[in-house]
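One structure is given here, and the rest of the page talks about it.
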Amino acid sequence: MQYRFFIGIDVSKEYLDAGLLDGESPGIADHHKVSNNDGGIAQLLGWLQQHHGFTLEQSLFCLEHTGMYNFALLQFFSKHDSNVWVENPIEIKRSLGVQRGKNDKVDAIRIAQYAFRMQDKVRLWQPVRQVTEKLRHLASLRERLVETKKKLLTPVEELSKVGNDVMAKMLSRSMNKTIKGLDKDLDAIEKQMKDIIDSDDDLRQLYTLVSSVVGIGFVTAVNLIVATSEFRLFHCHRKFACYAGVAPFEHKSGSSVRGRTRVSHLANKKIKCNLHMASLTAIKYDEDIKAYYERKVAEGKSKMSVLNAIRNKLLSRIFAVVERGTVYQKNYLVVS
């Protein structure tokens with residue numbers, strides 16, 4: 001489809017900054033700022049309609065993944081059958097290279113410029129199914145409760161390490177009911193998540209495929225399904241590796257490689273942590289992965305770089321089984 005108008009939207013909790021490019025004169029950009037609510041979105045549409053020739057059908061809206069702050073805007077787009085591209089922030093930043101200056105107006109216009117230049121690679125956003133949205137919220141709630149429990153227990157563990165058992169026991173007794181309550185809530189949430197997966201044929205099939213890869217447990221499988229919107233947002237494991245912050249990049253200058261390959265600090269840290277734990281599990285239970293890890297470490301590779309390579313291998317396996325539609329089988333994918 002040929003687009004004429006390209007609208008980049010920088011989304012924050014309170015505001016939407018929109019940058020507009022007309023494909024017939026892409027060197028000229030316009031900007032408008034509105035509140036991030038239904039009223040503000042209506043104002044934004046009114047502003048766009050003031051531009052000669054503007055139609056939703058000929059327009060491409062581009063915005064970055066920002067979680068819940070996108071909700072009202074995406075609801076509007078869904079109702080009006082708009083052309084929307086929800087892009088990984090890392091892809092936009094990399095495509096623009098080194099940029100001087102940064103504010104919401106500048107960011108919005110840069111997103112619009114990205115949409116204009118990369119329109120041939122557009123992947124239109126599709127609304128997330130309600131059942132997957134429920135799973136996402138439950139997974140987020142579970143994560144917050146786990147973090148709360150960890151914060152409560154950390155002081156007790158630290159007191160025990162330094163030999164202050166009296167104070168450790170006092171704190172432990174004082175929050176005993178709270179910890180038990182958290183454990184009960186966590187069990188209930190995980191049951192709800194499993195019930196949701198079991199009640200939906202597509203989710204159940206996806207979960208079976210993803211969790212068939214050695215090292216991928218329940219929480220990691222759910223988070224991968226949610227983060228990829230049932231593997232519709234990402235069709236290539238390398239793209240998702242960039243999103244998760246586990247794709248290695250060389251630092252080069254001319255013909256010289258400066259230092260080891262590194263991963264980006266721009267990442268979905270939750271997924272990155274999940275993949276790290278999955279790689280440790282795979283080393284323990286997958287003979288090929290274990291042999292690969294031991295061989296590379298013996299060759300002098302740093303343990304963290306080898307672990308990161310294993311994260312990527314796990315992602316490769318996961319995307320392969322999803323694309324193939326059959327559970328992981330050792331003979332199909334051999335570690336190199």
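Among Met167, Met68, sorting on how many other beta-carbon atoms sit within 10 Å of each Cβ, with the fewest leading, yields Met68, Met167. Which residue, Asn274, Gln50, Pro26, has the largest displacement toward the positive end of the dipole of the chain when charges sit on each Cβ (Lys, Arg +1; Asp, Glu -1)? Among Asn274, Gln50, Pro26, the one farthest towards the positive end of the dipole of the chain is Asn274. Looking only at the range 110-133, which residues have a backbone nitrogen under 18 Å from a spot 7 Å from the Cα of Met68 in the C-beta direction? Counting backbone N atoms under 18 Å from the label point, the list is 128, 130-133. At 4 °C and 1.567 mPa s, what whole-number value in µm²/s does Stokes-Einstein give for the translational diffusion of the range 130-199, with Rh from the Kirkwood sum over Cα pairs? It comes out at roughly 95 µm²/s. Here the chain is assigned +1 on the Cβ of each Lys and Arg and -1 on the Cβ of each Asp and Glu. Its dipole about the Cα centre then comes out at about 1480 debye. If I take every Cα pair under 8 Å that is 6 or more residues apart in the range 130-199, average their sequence separation and divide by the length, what percent do I get for the relative contact order? Here the relative contact order equals 45 percent. An ellipsoid equivalent to the range 154-243, defined through the eigenvalues of its Cα gyration tensor, has semi-axes of 38, 18, 10 Å when rounded to whole angstrom and sorted largest first. Placing a pseudo-label 7 Å from each Cα along the Cα-to-Cβ vector at Tyr15 and His52 gives an inter-label distance of 3.0 nm.
Pulled fully out, how much extra length does the chain show between Leu124 and Lys150, if you take 0.36 nm times their separation in residues and subtract their Cα-Cα distance? Write down the numbers at each step before the final one.
Working: separation 26, 0.36 × 26 = 9.36 nm, distance 3.91 nm.
The Leu124-Lys150 span can extend by a further 5.4 nm.
Loop-located trypsin sites (Lys or Arg not before Pro) in the range 3-111 (DSSP state not H, G, I, E or B) with no more than 16 neighbouring Cβ atoms inside 10 Å: Arg4, Lys13, Arg100, Lys102. Taking every lysine pair in the range 102-180 that is 8 or more places apart or spans two chains, those with Cα atoms closer than 29 Å amount to 24. The mean sequence separation of alpha-carbon pairs under 8 Å and at least six residues apart, normalised by the residue count of the chain, gives a relative contact order of 13 percent.
Cα gyration tensor of the range 5-121, axes a ≥ b ≥ c as square roots of the eigenvalues: rounded (a/c below 1.5), prolate (a/b > b/c) or oblate? Could the numbers behind the result be given before it?
Numbers: a/c = 1.41, a/b = 1.14, b/c = 1.24.
Judged from the Cα gyration tensor, the range 5-121 comes out rounded (a/c under 1.5).
Annotation for the range 153-250: trypsin sites (Lys or Arg not before Pro) lying in DSSP loop with at most 16 further Cβ atoms inside 10 Å of their Cβ are Arg232. Beta bridges from DSSP with both residues in the chain: antiparallel share about 65 percent, rounded to the nearest 5.
Entry note, the range 5-121: relative contact order of 37 percent, from Cα contacts under 8 Å with a spacing of 6+ residues. Per-residue ellipticity at 222 nm computed for the chain from its helices equals -18500 deg cm²/dmol, with DSSP H segments shorter than 4 residues left out and the rest contributing -39,500 (n - 2.57). Using only alpha-carbon positions in the chain, the gyration tensor eigenvalues give semi-axes of 39, 27, 22 Å once each is multiplied by 5 and square-rooted (largest first).
Read the figures in this text as sums done on the coordinates, not as results from a lab. The shown structure was predicted, so the numbers you read here are calculated from the model rather than taken from an experiment. Positions of Cβ are backbone-derived with ideal geometry, glycine not excepted, and every protein chain shown enters the neighbour counts.
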